Each structure stands twice: as C-alpha cells, then as structure tokens.
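Visitor: Sharing a structure here in structure tokens format.
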Amino acid sequence: MLAPVRSFLNLFLQSACPLCQRATPTEFCANCTRQLQQNKLPNPAQFWQEQPAVFAWGWYGGNVRQAIRQLKYDHQPQIARPLGQWLAQSWLDASLDRSPMIVVPIPMHGEKQKQRGYNQAALIAQSFCHFTGHSMQVNGLERVRSTEAQFGLSAAQREHNLLQAFKIGKAFQKNKPHHPVLLLDDIYTTGATIKATTQVLHQQGIRVRGVAILAKARPWKDEANS
Ligand SMILES: [Zn+2]
C-alpha cells in the first residue's frame with residue numbers, strides 16, 4: 001500500500017484521547033496514561049482490612065476524576081476497558097484472595113441508565129472480570145430508587161435513603177450465589193452505598209467479601225457522590 005494512503009487510513013484507526021483530544025490508537029494517549037497512573041495507590045490493599053474491605057486502584061483526583069467524569073457524563077464508554085484492566089492488574093498483583101467470588105457492580109436506577117445508555121460500574125466490572133477471570137452477576141442487585149438529591153442531607157438521612165434505594169436483583173432472587181460477592185464501583189466516597197448494598201445482600205444470607213473500587217476519594221475530601 002502506498003505510504004500516503006496508509007497514513008490516511010491510520011487517521012481513521014486513531015480516535016481522540018478523551019482527556020486531551022490528541023489522536024491516539026488506544027483509549028487514552030500515552031501522555032495522559034502516564035498522568036493517570038500517577039494517581040495509582042502505592043498499596044491498593046491498604047484499606048482491605050477495614051470494614052467494609054475496600055480495594056482501590058487509585059485516588060479520585062487529577063485526571064482520574066476527569067476520566068471518570070468523561071466516562072459517566074460524556075458518553076465515552078470505551079474508557080471503562082483500560083480502567084477495569086488497571087484495577088484487575090492491581091488486584092492480581094496484590095494476590096489477596098484467589099478464592100472464587102462473584103463480582104456485582106453497583107447498579108444504576110433504570111431511568112438513569114436508560115439516559116446514559118450504560119452503567120459505568122458494570123462496564124468496569126466487565127473489563128475487571130475479563131482480566132481476573134472472576135465471574136460477574138450484573139443483576140445481583142437492583143436500584144429501585146434514584147438518590148440524586150443527596151446534597152444537604154445529614155449522613156444518617158443519606159444512609160436511610162440509600163438503604164431504601166437497593167434491593168436484591170432478579171438473578172439472586174432466583175439463585176443465591178455459592179460464592180461471596182465482591183462489589184464493584186467506580187468511586188468510593190463516604191462508603192454509604194457500599195454499606196447499604198452490603199446490608200441488602202446480608203439480609204438475604206449472601207456473603208460480601210468487600211468492594212473493588214477504581215478510585216477512592218481522599219479521606220479529607222468529600223467529593224460529590226456518584
Ligand atoms: Zn491524552
């Protein structure tokens with residue numbers, strides 16, 4: 001193939017990096033990937049002994065925050081693939097627990113998911129499972145109520161709202177999982193969502209091993225909840 005033709009075709013194989021708009025053959029350009037990786041936690045398992053057990057790839061700051069916002073609000077579902085892969089890589093490197101687990105992404109409310117076209121936590125979970133070999137149950141939980149307007153509420157009110165927001169999903173209603181659940185979400189802020197979903201699963205006698213999170217808000221910063 002003639003060189004000019006090839007480079008012309010290459011233009012079509014490249015897409016714009018969602019963070020800097022430069023052309024890139026991968027989801028993020030090399031430069032943005034480097035910057036994203038700077039937010040990676042030196043020890044992703046540092047919160048694994050806490051209650052709930054939290055495994056986090058990185059901090060919710062810098063361009064990680066920007067990437068997650070793009071994934072959620074700018075219709076860039078392809079971003080979930082590398083994010084899930086990085087979380088999986090950290091998980092495998094940490095070799096915390098090799099026993100089988102069922103990965104359950106934190107669900108979105110149906111209406112909201114319809115608007116967005118996808119649940120970003122489910123997309124990250126899909127990629128995570130692809131690279132770790134864990135199985136996923138996307139219908140393990142169901143969000144029956146939207147909890148958009150959580151601002152200005154006390155922690156207790158937020159918690160109460162969230163408890164009402166989730167119920168056991170269709171898949172687990174039919175068949176309880178034989179293995180413990182590993183919840184998965186994009187951001188972890190106060191932990192209220194994880195507490196609520198864990199409680200819902202526990203009420204049905206389903207064990208929860210912990211939660212895998214792409215990015216955790218720094219303890220001194222209470223970022224806007226997902
Ligand atoms: Zn870039």
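Visitor: Residue by residue through segment 71-86, which ³J(HN,Hα) values in whole Hz follow from phi under the Karplus form 6.51 cos²θ - 1.76 cosθ + 1.60 (θ = phi - 60°), with glycine and proline marked x?
Guide: Using θ = phi - 60°, the values come out as 4, 7, 10, 10, 6, 10, x, 5, 4, 4, 4, x, 4, x, 5, 5 Hz.
Visitor: Now for a different question. Which residues' amide hydrogens lie under 5 Å from the amide hydrogen of I102, considering only partners 5 or more residues apart or on another chain, with H built in the peptide plane?
Guide: Amide H neighbours of I102: V181, L182.
Visitor: If pairing requires two Cys Cβ atoms under 4.7 Å apart, which cysteines of the chain are left without a partner?
Guide: C20, C32, C129 - these cysteines have no disulfide-compatible partner (Cβ-Cβ under 4.7 Å) in the chain.
Visitor: Can you compute 3J(HN,Hα) from phi for each residue in segment 154-161, using the Karplus curve 6.51 cos²θ - 1.76 cosθ + 1.60 with θ = phi - 60°, rounded to whole Hz and x for Gly and Pro?
Guide: 3J(HN,Hα) across segment 154-161, in whole Hz: 6, 4, 5, 5, 4, 4, 4, 4.
Visitor: Pick from N31, N39, N161: which residue has the top mean-square fluctuation in a GNM of the chain where Cα pairs under 10 Å get a spring?
Guide: Sorting by GNM fluctuation, first place goes to N31.
Visitor: Just to confirm a number: summing +1 for Lys and Arg and -1 for Asp and Glu over residues other than Q120 whose beta-carbon lies under 12 angstrom from that of Q120, what do you get?
Guide: So the surrounding residues net to +2.
Visitor: Based on Cα positions only, what radius of gyration and what Dmax would you give for segment 86-125, in angstroms?
Guide: 13.5, 37
Visitor: Top mean-square fluctuation among Q164, Q203, Q126, Gaussian network model of the chain, C-alpha springs under 10 Å?
Guide: Ranking Q164, Q203, Q126 by mean-square fluctuation puts Q203 first.
Visitor: Moving on. Springs between alpha-carbon pairs under 10 angstrom, Gaussian network model over the chain: which of Q14, Q199, Q70 fluctuates most?
Guide: Looking only at Q14, Q199, Q70, the largest GNM fluctuation is found for Q14.
Visitor: How high is the FRET efficiency between K114 and L163 when r is their beta carbon distance and R₀ equals 25 Å, given to the nearest 0.05?
Guide: That gives a FRET efficiency of 0.55.
Visitor: Follow-up question, since we're still on this one. For W57, what charge total do you get from the other residues with a beta carbon under 12 Å from its beta carbon, if Lys and Arg give +1 and Asp and Glu give -1?
Guide: Value of the local net charge: -1.
Visitor: Sort Y60, Y188 by Cβ crowding within 10 Å, fewest neighbours at the top.
Guide: Ranked by crowding around the Cβ, least crowded first: Y60, Y188.
Visitor: Quick one: helix 192-203 against the long Cα principal axis of the chain, what's the angle to the nearest 10°, folded into 0 to 90?
Guide: Once rounded, the angle reads 50 degrees.
Visitor: I'd like the antiparallel share, as a percent to the nearest 5, of DSSP beta bridges with both residues in the chain.
Guide: For the chain, the DSSP antiparallel bridge percentage is about 25.
Visitor: Shifting gears a bit: Roughly speaking, what is the centre-to-centre gap between segment 78-98 and segment 116-185 when only Cα atoms are used, to the nearest Å?
Guide: After rounding, the separation between the Cα centres reads 18 Å.
Visitor: Let me ask something else about it. Please tell me which of these pairs span more than 21 angstrom C-alpha to C-alpha: K72/K114; K40/K114; K114/K195?
Guide: As for pairs spanning more than 21 Å Cα to Cα, those are K40/K114; K114/K195.
Visitor: What are the ³J(HN,Hα) values, in whole Hz, obtained from phi via the Karplus relation 6.51 cos²θ - 1.76 cosθ + 1.60 with θ = phi - 60°, for each residue of segment 87-101 in sequence order, with x given for Gly and Pro?
Guide: Going residue by residue, I get 4, 5, 4, 4, 4, 5, 5, 6, 5, 6, 8, 8, 6, x, 9 Hz, with x marking Gly and Pro.
Visitor: For W48, list long-range residues whose amide hydrogen, built 1.01 Å from N in the peptide plane, is under 5 Å from its own amide hydrogen.
Guide: V54
Visitor: Thinking of the chain as a set of Cα atoms, what percent of all their pairs are more than 24 Å apart?
Guide: Cα-Cα pairs of the chain separated by over 24 Å account for 45 percent.
Visitor: So, one more: Under a 5 Å amide H to amide H cut-off, with H placed in plane at 1.01 Å, what residues pair with F166 once short-range neighbours are removed?
Guide: V144
Visitor: Out of every Cα pair in segment 73-160, what percent are spaced more than 19 Å from each other?
Guide: Value for segment 73-160 (Cα pairs over 19 Å): 50 percent.
Visitor: Between S135, W59, T33, whose Cα lies farthest towards the positive end of the dipole of the chain when Lys and Arg beta carbons carry +1 and Asp and Glu beta carbons carry -1, centred on the Cα centre?
Guide: Final value for the positive-end residue is S135.
Read-outs: derived from the displayed coordinates by stated rules, not from any lab. Given the structure is predicted, the values throughout are model-derived calculations rather than measurements. FYI the Cβ positions are ideal-geometry reconstructions off the backbone, even for glycines, and counts take in every protein chain you see.
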